[in-house]
Amino acid sequence: SHPLLCPPGIKCGGVLSAPSGNFSSPNFPGLYPYETECTWLIVVAEGSSVLLSFSHFELEYHDTCAYDYLQVYNGAAQDRGNLLGTFCGHSPPPPFSSAWHVMAVVFRSDRHVAKHGFAAAYKKDACGGQLTGLSGEITSPRYPESYPNDAECRWSIGGTSGGGPLTLVFADFQVEGGQGCGFDYVALFDGPTVAAPRLGRYCGSARPPRTISSTPHLLIIFKSDFNIGGRGFKAHFYSAGECQEVFTTIKGNFSSPHYPSFYPNNLNCQWSIQLPLGFRVKVFFLDMELEGRSSLTGGCDYDHLSAFDGGTENGSLLGRWCGRESLAPITSHSNRLLLVLHTDRNTAKRGFSISYVGVVPMNVSCTRTDFHIQIPVQSLAQLERNRIYLGSPSCAAQVVGRNFKIHTRFDTCGTESQRRNNTSVIISTLYIDFSVGDQEDIHQYEVQCEPKRKEASVTLIAGPDPSRLSQAENLVDAQQWQGEVIDAREVKSQDTSDIVFISICILAGLLMVIAVVGLVLL
């Protein structure tokens, strides 16, 4: 039989609100009609999740599923951030578990080539399921109320293509305790089944430690016996790579999951930048578009990006952003900075793209004739002194005590005189060469001195992809030393040219007074 355009009377899509049920493509098991679009919205009791599975699947194949396709959404279908996957061809989608009590399925066919379509079943499940997102949350049944007796739940996390190791963090934990956790317990396995290595078995009221799998799969089993319960638990999981990364290089860049396409909903992603002691972290926002502010409170109550000083969410908040904004760079006060992206259940946007650079701790001063530059050795411990130079490699730093030092006169090391804002200034470029092998990575700082005032400043002019930065960022503000304090005698020695000049003048004056007194006495 030949497929036809979908007749008006054929059943296609709708709201499915029973605790369990079945649905299929129009005409199944016959050929589905051309130019059809159906949406099924599955709604079960609040606090439950939806388990969805496919018993038959055969759609027209295309490598990007551009012709006929089936889409599964973790919530309403209108929101691209809820999309769990798009499928076509002969390989059935994996079983899905929603992150909340709503799930949507969309089927679409074009005007050519029809197949037999699909058959699917769903059921309400208060506990356990197959979770495939980049991040998500799981809770014990009825949490935060006391969990039921004789419960057994299995959450299988992972299975996404190209997924990295998984991190599981418990936010709350109260399960009946006992010797060896023999009564009620949570068990973690480093893989999709109980045959995988066990990562831990926990009970009582102490939160289990942060757990990281070695594979893209993690199995969580919760079991309760016939009496004595507890509040249960609440835990978050993250997929390493797109949703949780740690950066230790002096510069780098990263973006929200799927950027520049829409990011997923229900995310809680973390990017941690950890640099050597003494450094600060400067972050540049290259592009940002998140869900906008709340019309009720005016705050970033829905999707937002937050930055914390010190590397944890307990650190001081450097900023919290949402909507579509052009943001000025931010700089940490320490060598660690944490960025956290939180997205809610709906309204996804393009996301963000960020680059960062480590600001090398340095002290720059000048006299009327000389530059003095000091950098703690511990901040650049991996570098030889000849990798740090002013103007040209012939003006390399010396190691003096626990500092790299450059002390040079203005007529050497590529310095030049310029007029800025009707003021005469001396300019040079400080190079710090982090290159490894063929990977060139040279950071440049402009060093400036106003000789009349003996005021020096330093400005980062080449760090993260200079073409993307609209202007050089002045880094002299709040330059903080986490290394040693400069010796007071060294500070005094930085102005020796002026001291010598004044001393000569005083001595000449004294000699003149003595000469005059001598003539009078004679």
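The radius of gyration of the Cα set in region 216-293, together with its Dmax, comes out at 18.5, 56 angstrom. The peptide list 171-184, 217-230, put in order of mean Cβ contacts within 10 Å with the highest first, becomes 217-230, 171-184.
Think of a 1.4 Å ball rolled over the protein heavy atoms: the chain then has 49 Å² of accessible area per residue. A dipole drawn for region 363-476 from +1 and -1 charges on Cβ atoms has a positive end, and of 410, 435, 386 the residue lying farthest that way is 410. The computed semi-axes √(5λ) of the Cα gyration tensor in Å for the structure shown corresponds, within [x] 65, 28, 19; [y] 39, 32, 20; [z] 44, 27, 21, to [x]. When DSSP beta bridges are restricted to pairs lying wholly in the chain, around 95% turn out antiparallel.
Backbone geometry of region 245-251 corresponds, through the Karplus equation with coefficients 6.51, -1.76 and 1.60 at θ = phi - 60°, to 3J(HN,Hα) couplings of 9, 10, 10, 10, 7, 5, 8 Hz, x marking Gly and Pro.
Rounded to whole numbers, the Karplus 3J(HN,Hα) couplings from phi for region 72-86 are 10, 10, 8, x, 5, 6, 6, 9, 5, x, 8, 5, 8, x, 10 Hz, using 6.51 cos²θ - 1.76 cosθ + 1.60 with θ = phi - 60°, and x at Gly and Pro.
Using the alpha-carbon centroid of each, what span in Å lies between region 391-464 and region 311-341? Cα centroid of region 391-464 versus Cα centroid of region 311-341: 29 Å apart. Dividing the helix sum by the residues of the chain, where each DSSP H run of 4 or more adds -39500 (n - 2.57), gives a mean residue ellipticity at 222 nm of -2000 deg cm²/dmol.
Once the C-beta distance of residue 150 and residue 212 is scaled by a Förster radius of 25 Å, the resulting FRET efficiency is 0.20 to the nearest 0.05. The accessible surface of the chain, taken with every protein chain in place and a 1.4 Å probe, is 52 percent carbon and sulfur. How much FRET efficiency would the formula 1/(1 + (r/R0)^6) give for residue 511 and residue 296, where r is the Cβ-Cβ distance and R0 is 56 Å, rounded to 0.05? After rounding, the FRET efficiency stands at 0.10. Projecting label points 7 angstrom from Cα along Cα→Cβ for residue 416 and residue 56 puts them 7.8 nm apart. Measuring between alpha carbons in the structure, the pairs from 123/223; 251/405; 123/349; 11/349; 282/452; 124/234 lying more than 27 angstrom apart are 123/349; 11/349; 282/452. Each Lys and Arg contributes +1 and each Asp and Glu -1, all at the Cβ; summed about the Cα centre of region 244-359, the dipole is approximately 240 debye.
What angle, in degrees between 0 and 90 and rounded to the nearest 10, separates the Cα long axis of helix 496-521 from the longest principal axis of the Cα atoms of the chain? Its long axis makes an angle of about 20 degrees.
The values are calculated or read from the model by the stated rules, or taken from the named source; none is laboratory data. Note that the structure is a prediction, hence the values are computed from the model and not measured. Cβ sites come from the backbone with ideal geometry, for glycine too, and all protein chains shown count toward neighbours. Side chains are part of the model used for accessible areas, which takes the heavy atoms of the whole protein and leaves out ligands, DNA and RNA. Shrake-Rupley method; radii C 1.70, N 1.55, O 1.52, S 1.80 Å.
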